[in-house]
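What follows draws every value from the coordinates through simple rules; no lab data is involved. These figures come from a predicted structure and were not determined experimentally. No Cβ is skipped: glycine too gets one built from the backbone with ideal geometry, and neighbour counts run over all protein chains shown.
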Amino acid sequence: MLGAGAAGLAAARVLSAAGVSAIVLEGRNRIGGRLLTREDIGLPLPIELGGEFIHGWSALSFEVLRAAHGVAVDTGGASFAYEDGELRAREDPFEIVFDAMSRARSLADDVSIDEYLRSLPGNDPKTERERRYARMMVEGFDAADPRRASTLALAEEWCSGEGGQTAEQFRPLGGYAHFMRTLHGMLDPTRVHVRLATPVQAVWHDGDGVVVEATTLGEPLTVRARAAIVTLPLGVLQAGSVRFAPDLPASKRSALSALVMGPVVKLVLRFRTAFWERVHDERYRDGAFFQRAEAAFPTFWTLIPLRAPLLVAWAGGPKADALAGCDEAALVSRALDDLRTLFGNDPDPCAELEAAYAHDWQSDPFSFGAYSYVATGGLAARAQLAAPVDDVLFFAGEATAPASEAGTVAGALQTGDRAGREALAVIRRSA
C-alpha cells in the first residue's frame, strides 16, 4: 500500500478483514494524508488544516464514524453574500446555478466552464448572477480554474442527484484525527503494518507482482508483494516523485494529463470573541458562510452550530494562485482586510485576533496541491486513473472517485475500499 491517508487505510481495512498480510508505506511521519487536525491544548476545538467536511451521505464515512462513537454535526446555517455594498442573506449557490449546469449536460462537445458561461444567452440580471455564482463555485468549491475546468465533468458532479458532495455537509465532531485513528485501529496489527516516514522512490512491476523501493529512517527498504495499491495524491503522481518501471501505460499517462491538482489556501483564524455574531444587531449570529467574490479570500465560514471564536478563510483555484508566495503574516493581513469589508471596523478584527493556523499544501511534497478536478476534454480521466494495471497495480484516492464524490474524504474512502476489493479478488485467484 502506498499512502496512509483515507484511501490507503480504507484499502488496508479490506485486506485486514480478509486475513491478508499487507504493509502500508507512508512518506509522512503521521497517518491522514491531506487530513491534518491540530489538537493543541488550549484550543476551543480541534482545528482542521486540511479536509474538514463529510460531504453527503456516504455509507462508509458514517460506518467509520459509528465505529469511532462519533457524531456528525450538520453544518447547516445561514449564508450571506456581499452584494451592492452589504452582506445579504442568500440562497444555496448550487440552486442558483443548477438550471444552467443542468442544461450543460446535453452539450455535444466539452468546453471550459468559462467558455460555457460566456455562451449562455442574455445579459439579464438572472443570467449574470448565474455566471458570477458558477465561477465562484468552480473556484471555491472545486479549487478549479474556470478557463481549464471541464463543463461536462462539473455538470455531472453538481447535478448528480441526492447523496453526493453537493448534498448536505457535516463535520465529524472532534475533527478528523479521531476518525482516522479509528480507521487505523480497525487494522489487525498482526497482519497489517503501517510504516511512517517511509517515502517510496520506485515501483517495479510485472505479471508476477511488484517490488517497491523506499527509504525508512535514512535506510533503503525493499518490499516484495503480489500487488500494490497506489493511493498517492494526483500531484505526487504528476510530479514523478515515484518512478514506475515499466512506465505506466498510455491510458494512465493520458489520465494524469487530463486531471489538474487544484490549489487551496486555507487559513484558520482564532479570535478573542466571535465578534461577527454581535455586529449589525446580531443579524449574522447564525451565519455559517460569508462570501464576497472579489475578495482575496472569497469565502469565510464559521463552525455553526458549534459556537467558537474561529473563522476559516478560504481561497481556491486562481484566487489561491494569486496568494502564492505570501507568507503567513501577509495571508493574515489580507484576510483581516476582507473581514473589515464584510463586518466593518467595530470591533476591529485585527484587535480581536489571537492566532492563525495554516498549512501550505501546494508546496507539500506529499501532496503538491489540495484536490483534483477534470480539465476540458478529460471526462473519462478519473475512470482511467482508477483502472488496474496488469492485475498488480491498483489505484485509489479522491482523483479516482466518481464525479459525485471526487475531491472528498468520502471519495477517498470509497475508492480505497474498491481498490482493496479488486486486489483481494486477484490475490484469492492466485492463491
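Structure above, values below:
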quantity: Residue 18-residue 109 pseudo-label distance in nm [points 7 Å out on the Cα-to-Cβ vector]; calculated: 4.4
quantity: Whole-number percent relative contact order across the stretch 93-167, with pairs defined as alpha carbons under 8 Å at least 6 apart; calculated: 47
quantity: Antiparallel bridge percentage (DSSP; both residues within the chain; nearest 5); calculated: 75
quantity: Cβ-Cβ FRET estimate between residue 247 and residue 197, R0 fixed at 25 Å, reported to 0.05; calculated: 0.35
quantity: Check: the stretch 135-279 dipole with +1 on Lys, Arg Cβ and -1 on Asp, Glu Cβ, in debye; calculated: 500
quantity: Relative contact order (percent, whole number), the chain, Cα cutoff 8 Å, 6+ residue spacing; calculated: 26
quantity: Length-normalised contact order of the stretch 1-153 in % [C-alpha pairs under 8 Å, at least 6 apart]; calculated: 14
quantity: Charge dipole (debye, nearest 20) of the stretch 281-360; +1 at Cβ of Lys and Arg, -1 at Cβ of Asp and Glu; calculated: 260
quantity: Alpha-carbon Rg with Dmax, taken over the stretch 116-231, Å; calculated: 22.7, 65
quantity: Efficiency of FRET between residue 426 and residue 345 - r from beta-carbon atoms, R0 56 angstrom, step 0.05; calculated: 0.35
quantity: Contour excess over end-to-end distance, with Cα ends at residue 278 and residue 224 and 0.36 nm allotted per residue; calculated: 13.4 nm
quantity: Chain lengthening between residue 30 and residue 78 when straightened (0.36 nm per residue, less Cα-Cα); calculated: 13.7 nm
quantity: Overall dimensions of the stretch 93-167 as given by Cα atoms, namely Rg and Dmax in Å; calculated: 11.3, 33
quantity: Translational diffusion coefficient (Stokes-Einstein; Kirkwood radius from C-alpha pairs) of the stretch 264-360 at 20 °C, 1.002 mPa s, in µm²/s; calculated: 160
quantity: For residue 83, residues with placed amide H under 5 Å, excluding near neighbours; calculated: 88
quantity: Equivalent ellipsoid semi-axes - Cα gyration tensor, the stretch 350-431, angstrom; calculated: 34, 16, 12
quantity: Convex hull of the chain built on C-alpha atoms - directionally averaged projected area, nm²; calculated: 20.9
quantity: Chain lengthening between residue 294 and residue 127 when straightened (0.36 nm per residue, less Cα-Cα); calculated: 58.3 nm
quantity: Scattering curve values for the stretch 325-374, log₁₀ I(q)/I(0), Debye with Cα scatterers, q = 0.20, 0.21, 0.30 Å⁻¹; calculated: -0.78, -0.81, -1.13
quantity: Global form of the stretch 175-303, assessed from the alpha-carbon gyration tensor, a/c cut-off 1.5; calculated: prolate
quantity: Under Karplus coefficients 6.51, -1.76 and 1.60, residue-wise ³J(HN,Hα) of the stretch 112-118 in Hz, glycine/proline x; calculated: 5, 4, 4, 5, 5, 5, 5
quantity: Burial ranking of peptide ranges 337-349, 113-125 (average Cβ count within 10 Å, highest at the top); calculated: 337-349, 113-125
quantity: 14 Å cut-off, amide nitrogen to a point 7 angstrom out along residue 173 Cα→Cβ, residues in the stretch 41-56; calculated: 46
quantity: Computed E for residue 119/residue 57 - FRET, C-beta separation, R0 30 angstrom, nearest 0.05; calculated: 0.30
quantity: Ranking of 266, 252 by count of other Cβ atoms within 10 Å, fewest first; calculated: 252, 266
quantity: Cut-off under 5 Å, modelled amide H: who pairs with residue 397 long-range; calculated: 415, 416
quantity: Mean Cβ neighbour count within 10 Å, used as a protection proxy, ranking 195-203, 257-265 highest first; calculated: 257-265, 195-203
